[in-house]
Amino acid sequence: MSNDKALILKLQSKDETALGLIYDKYSAALYGVIIRMCRDEDAAKNLLQDTFMTIWEKSDKYDPNKGRFYTWAYRIARNKTLNFLRKTDQLIQVEDLSVYKDRTEEETDKLDYLKLKGTIKRLDAHHQRAIELVYFNGLTHREAHKEMDVPLGTFKSYIKQALRQLQQSYFKLIIFLMVLIDVMR
């Protein structure tokens, strides 16, 4: 925790290295929150960048007595995303450009998401919950282990086991597809 305090103090004194370290530490969790809310990869990347610009510009406003740094950064990301979603007067028409969209890419993305969701549903309930909290709700490991009311080490092992199981599931699928392709030749 004292390491975080020192890092935040450096950020507040406009140390660019501190911003990079803060980005490395929190960007994945914040991106998870943003992408889950807006469901648009390009917009999420821009919103993440805007979030970190605001964190940089307003770091002096952060007060550790009022809450954790992640909570403060999370609120910035959430508010930026909500403001983006509330905008109704877009200057560029983006809705009816179906001529330029690659429909097969959209369908592939949807299939990939459904496969991942199906694979996650096959995990044990505690593994599902751990993955959901970290990768879909954007919580840090420290926040999520408290949410699940298990020791931090146990929670980290849940994540590690779940990721290993997901990796094995996809590996088995790839092997199956390779065999199928070989048989069809």
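Couple of notes before you dig in:
- Breaking point among (1) assigned to a loop (DSSP other than H, G, I, E, B); (2) surrounded by 13 or more Cβ atoms within 10 Å (Cβ to Cβ); (3) at pLDDT below 90, for residue 150: (3)
- Residue in the stretch 63-73 that is modelled with pLDDT of 90 or more and either in the same structural domain as residue 7 (by TED's automatic domain parsing) or within 26 Å of residue 142 (Cβ to Cβ) (or both) present: yes
- Selection status of residue 123, modelled with pLDDT under 80, assigned to a loop (DSSP other than H, G, I, E, B) and of a type in the set (A, V, I, L, M): no
Here's the yes/no breakdown for (1) outside the structural domain of residue 76 (by TED's automatic domain parsing); (2) surrounded by 14 or more Cβ atoms within 10 Å (Cβ to Cβ); (3) of a type outside the set (Ser, Thr, Tyr):
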position	(1), (2), (3)
7	no, yes, yes
13	no, no, no
19	no, yes, yes
24	no, no, yes
27	no, yes, no
32	no, yes, yes
36	no, yes, yes
41	no, no, yes
45	no, no, yes
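- Scanning the stretch 65-88 for residues that are free of Cβ contacts under 8 Å to residues at least 24 places away in the same chain, closer than 20 Å to residue 23 by Cβ and part of a helix (DSSP H, G or I) gives 71, 72, 75, 79.
- Meets criteria (closer than 24 Å to residue 69 by Cβ and at pLDDT 75 or above) for residue 164: no
- Per the conditions (1) more than 17 Å from the chain's Cα centre (by Cα); (2) crowded, with 16+ Cβ neighbours inside 10 Å; (3) modelled with pLDDT of 85 or more, the sole criterion not satisfied by residue 159 is (1).
The values are calculated or read from the model by the stated rules, or taken from the named source; none is laboratory data. On a predicted model such as this, the values are computed, not experimentally measured, just so you know. Don't worry about glycine lacking a Cβ; one is built from the backbone with ideal geometry, like all the others, and counts go over all protein chains shown.
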